[in-house]
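Q: Input: one structure, supplied below.
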Amino acid sequence: MRTVRAVSAAGLLLLATACGGGGGNADHPALSKAQLGKAAVTGKDLPGYKVSHQAGPRDSRIEADDAKCQPILDAIAPGASRKAKSSTARTLSTAHPPTESGDGSQYSVILAGFKEPDAKKAMSDLRDAIKACGSGFNTPTESMLQQTTGVRQKKATGGDEAIGVLLEGPSWKLNYVIARKGSTLISFGGADSAFTKAVDVPQRIVDKQTEKIAKAAG
């Protein structure tokens with residue numbers, strides 16, 4: 001993986017989006033990649049944002065050095081989770097380009113289809129991991145996540161349940177909202193162009209995306 005200085009804020013937020021296949025056999029089956037693609041937010045849904053499709057590499061799961069912290073990485077990049085059946089990703093940027101001072105925020109949206117019991121367990125595991133890994137964790141990747149020095153849960157709303165996650169490193173901060181709607185997990189990430197501020201994910205992005213997933217699931 002390239003170093004953080006070689007990728008955009010949205011690119012880092014996405015991390016990985018494994019392209020799984022097939023559906024699940026649960027009360028709410030996993031949405032297919034095609035269904036997720038149709039349900040993903042667009043610029044028409046969110047005036048003021050430029051929305052781009054992000055093609056993710058296969059088999060690009062990032063692993064934590066401590067197994068109890070792995071649910072955090074699997075939640076912020078749910079398409080790379082071993083339990084994911086399908087996924088797609090989008091990057092969102094504001095209409096005005098980032099300035100040299102580091103203003104201008106970018107966001108990521110990753111949609112991943114699971115069997116519903118697996119989606120629910122992922123949320124439960126995430127809560128446990130945040131409690132267990134407050135002092136951070138390391139990864140073998142050549143990115144900012146190679147050294148995460150703090151993990152904190154934040155309030156969040158959206159879908160059937162939502163969890164806010166703040167990740168911090170020696171000189172960077174990344175904000176995420178992880179939401180579940182039925183059998184679909186959605187990771188929303190936010191960062192400024194310098195990665196120095198904890199940028200909140202706008203609620204209207206969360207609400208619009210979970211609304212579209214609800215319609216797709218019927």
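Q: Among the hydrophobic types (A, V, I, L, M, F, W, C), modelled with pLDDT under 95 and crowded, with 18+ Cβ neighbours inside 10 Å: which single residue out of M144, M123 fits that description?
A: On the way: M123 fails: modelled with pLDDT under 95.
Testing whether each residue is among the hydrophobic types (A, V, I, L, M, F, W, C), modelled with pLDDT under 95 and crowded, with 18+ Cβ neighbours inside 10 Å leaves just M144.
Q: Look at region 189-207 and say how many of its residues are over 12 Å from S105 (Cβ atoms) and surrounded by 17 or more Cβ atoms within 10 Å (Cβ to Cβ).
A: Final tally of qualifying residues: 1.
Q: Quick one: C133 ticks every box in (1) surrounded by 15 or more Cβ atoms within 10 Å (Cβ to Cβ); (2) over 14 Å from the mean Cα position of the chain (by Cα); (3) in contact (Cβ under 8 Å) with a residue 60 or more places away in the chain; (4) closer than 21 Å to G37 by Cα bar one, so which box is it?
A: Condition not satisfied by C133: (4).
Results for (1) touching a residue at least 24 places away in the same chain (Cβ under 8 Å); (2) among the small types (G, A, S), shown as yes or no for each residue.
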| site | (1), (2) |
| --- | --- |
| K155 | no, no |
| G158 | yes, yes |
| I163 | yes, no |
| L174 | yes, no |
| F188 | yes, no |
| F195 | yes, no |
| Q203 | yes, no |
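Q: Separate question: If I filter region 126-139 for residues that are more than 18 Å from A77 (Cα to Cα), at pLDDT 95 or above and part of a helix (DSSP H, G or I), do I get at least one hit?
A: Within region 126-139, one or more residues are more than 18 Å from A77 (Cα to Cα), at pLDDT 95 or above and part of a helix (DSSP H, G or I).
Q: Kindly indicate which of I62, I72 is assigned to a helix (DSSP H, G or I) and either modelled with pLDDT under 95 or crowded, with 22+ Cβ neighbours inside 10 Å (or both). Give the derivation first.
A: Values: I62 fails: assigned to a helix (DSSP H, G or I).
Criteria check complete, one pass: I72.
Q: Just need a number here: residues in region 163-183 that are modelled with pLDDT of 95 or more and out of contact with any strand residue (DSSP E or B) (no Cβ under 6 Å at 6 or more places or on another chain).
A: 3
Q: I need a count of the residues in region 196-211 that are touching a Ser or Thr at 6+ places or on another chain (Cβ under 9 Å) and in a helix (DSSP H, G or I).
A: Here the count works out to 4.
The values are calculated or read from the model by the stated rules, or taken from the named source; none is laboratory data. Nothing here was measured: the structure is a model prediction, and the numbers come from that model. Reconstructed Cβ throughout: ideal geometry from the backbone, glycine too, with neighbour counts over all protein chains shown.
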